[in-house]
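One structure is given below, encoded as structure tokens.
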Amino acid sequence: MSSITDINLKVLVMDTDFYALHAINGFLAWDRRTRVTNLSETVRQMWAYIERTPLAEHPDVVLLEADHIGGPAELRRVINRLHDLIEKVRVICLAQIADPALVEAAAEAGAAGFLLKQEVRLQIAWAIVYALKHDFIVTAGIAKACQHLTNRRVLRANALPEMRKFPELTDRIRQAIKLCVVEGMPAHLAADEMGISLHTIRGYIKEGYRILEAYDETEYPVDMTPQERAFMRFTAFEEDRSERPPYASNH
């Protein structure tokens with residue numbers, strides 16, 4: 001049985017998109033394995049934070065927006081400097097577009113992964129934890145766009161597993177969980193959104209919690225709320241997935 005208390009990661013997020021920055025912060029806040037210590041909207045802000053922060057509080061993981069950093073050479077320089085300043089830091093690049101040149105630069109500079117924001121979304125905490133066990137991780141779109149590259153780390157990258165499947169979750173129960181747990185909508189508003197009664201949506205949530213728990217043997221802190229547990233379970237990766245690189249059969 002695994003325990004989320006075994007992992008406690010300090011995370012710095014650098015993203016020039018204000019809304020993306022705070023969405024990532026919100027998703028990470030649900031997962032106690034990750035603790036966001038800084039949100040930077042520019043690389044300059046990121047350097048300033050690192051320089052004034054004691055070594056003991058330096059981030060374990062940096063989520064670095066790659067799209068608007070200034071191209072492959074600048075991305076490589078920024079990642080190299082992060083490694084110089086923070087011992088054992090894991091840098092994971094995030095992007096809106098799959099640019100093979102940026103992916104290759106990130107891999108060459110020693111980044112731990114390159115992910116498309118729209119593919120990882122609310123599973124970002126799970127992706128961070130997944131990166132701890134693998135040399136270089138990517139989302140499916142990155143893997144597909146980079147099949148022609150010859151960089152060894154990119155070729156041997158591990159694609160993120162799919163979201164865990166819960167066959168018993170009906171579409172309506174899944175929608176109720178998404179509205180009330182993932183998006184944090186109050187039950188009465190979610191009921192109006194779905195066109196059902198408050199009593200019915202509460203029943204959906206209760207049944208959803210039961211189904212999610214039935215598929216999970218993780219040990220959680222005793223003070224964790226049912227909503228926190230449900231979020232982690234709902235966003236979890238599928239287990240027992242083959243560790244074979246995403247396109248190893250082609251090489």
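Every condition in (1) more than 20 Å from the chain's Cα centre (by Cα); (2) closer than 23 Å to Leu116 by Cα; (3) at pLDDT 90 or above is met by Ile173 except one, and the failing one is (2).
Kindly provide the set of residues from the stretch 24-38 that are farther than 11 Å from Val129 by Cα and in contact with an Asp or Glu (Cβ under 9 Å, 6 or more places away or on another chain), ordered by number.
In the first step, residues of the stretch 24-38 are kept if they are farther than 11 Å from Val129 by Cα; the result is 24-30, 32, 35-38.
Passing the criteria: Ile24, Trp30, Arg32, Thr37.
Filtering the stretch 214-238 to residues that are of a type in the set (D, E, K, R) and either in a loop (DSSP other than H, G, I, E, B) or farther than 26 Å from Ala23 by Cα (or both) leaves Asp216, Glu217, Glu219, Asp223, Glu238. Considering only residues in the stretch 130-141 that are out of contact with any Gly (no Cβ under 9 Å at 6 or more places or on another chain) and either assigned to a helix (DSSP H, G or I) or of a type in the set (A, V, I, L, M, F, W, C) (or both), the one that is nearest to Val36 (Cα to Cα) turns out to be Leu132.
So that you can scan it fast, the table gives a plain yes or no per residue for (1) under 30 Å from Thr225 (Cα atoms); (2) not in a loop (DSSP other than H, G, I, E, B):
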site	(1), (2)
Ile97	no, no
Ala101	no, yes
Ile128	yes, yes
His148	no, no
Lys178	yes, yes
Met185	yes, no
Ala190	yes, yes
Thr200	yes, yes
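Scanning the stretch 207-223 for residues that are surrounded by 13 or more Cβ atoms within 10 Å (Cβ to Cβ) and modelled with pLDDT of 90 or more turns up Glu207, Gly208, Tyr209, Ile211, Leu212, Glu213.
What residue, of Arg153, Arg121, is part of a helix (DSSP H, G or I), assigned by TED's automatic domain parsing to the domain that holds Glu74 and under 18 Å from Leu28 (Cα atoms)?
Exactly one of Arg153, Arg121 is part of a helix (DSSP H, G or I), assigned by TED's automatic domain parsing to the domain that holds Glu74 and under 18 Å from Leu28 (Cα atoms), namely Arg121.
Only a single item in (1) in the same structural domain as Arg121 (by TED's automatic domain parsing); (2) buried (at least 17 other Cβ atoms within 10 Å of the Cβ) is not met by Gln175, and it is number (1).
Look at the stretch 64-86: where a residue is over 11 Å from Ala101 (Cα atoms) and not assigned by TED's automatic domain parsing to the domain that holds Asn38, no partner that is surrounded by fewer than 16 Cβ atoms within 10 Å (Cβ to Cβ) and of a type in the set (A, V, I, L, M, F, W, C) sits 6+ places away or on another chain with Cβ atoms under 8 Å. Looking across the stretch 139-153, the residues that are under 12 Å from Glu104 (Cα atoms) and not basic (Lys, Arg) come down to Ile142, Ala143, Ala145, Cys146, Gln147, His148, Leu149, Thr150, Asn151.
The values are calculated or read from the model by the stated rules, or taken from the named source; none is laboratory data. Just so it is clear, the model here is predicted, and its values are computed rather than measured. Positions of Cβ are backbone-derived with ideal geometry, glycine not excepted, and every protein chain shown enters the neighbour counts.
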